[in-house]
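Each remark here refers to the structure printed beneath this line.
Read the figures in this text as sums done on the coordinates, not as results from a lab. Fair warning: this is a prediction, and the values are worked out from it, not measured in the lab. Counting neighbours? That spans all protein chains shown, and the Cβs are built from the backbone with ideal geometry, glycine included.
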Amino acid sequence: MDHDVGVWFSEPVRELTIIAEQYDFAISLLLLDEAAPIYGEDE
């Protein structure tokens with residue numbers, strides 16, 4: 001689901017959710033377009 005500015009942060013966010021009904025568990029991944037990578041492999 002795509003969210004407008006202000007729903008999660010001060011920029012648009014794409015939210016991906018995985019639901020495991022068997023375990024009564026849900027996890028969400030938020031994708032930020034303008035976010036700089038935090039981790040990366042050294043060249």
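Under a Cβ-Cβ cut-off of 12 Å, what is the net charge of the residues other than L30 that fall near it, where Lys and Arg count +1 and Asp and Glu count -1?
-3
Check which residues have an amide H placed less than 5 Å from E11's amide H, if you skip close sequence neighbours.
Under 5 Å from the amide H of E11 lie the amide H atoms of G6, each far enough along the sequence or on another chain.
Grab the other residues whose beta carbon is less than 15 angstrom from that of E15, score K and R as +1, D and E as -1, and report the net.
It works out to a net charge of -3.
Output wanted: per-residue J couplings in Hz (rounded whole) for region 10-26, from phi through Karplus 6.51 cos²θ - 1.76 cosθ + 1.60, θ = phi - 60°, x for Gly and Pro.
Rounded to whole hertz, the list is 8, 8, x, 9, 9, 10, 10, 10, 10, 10, 10, 4, 4, 9, 6, 9, 9.
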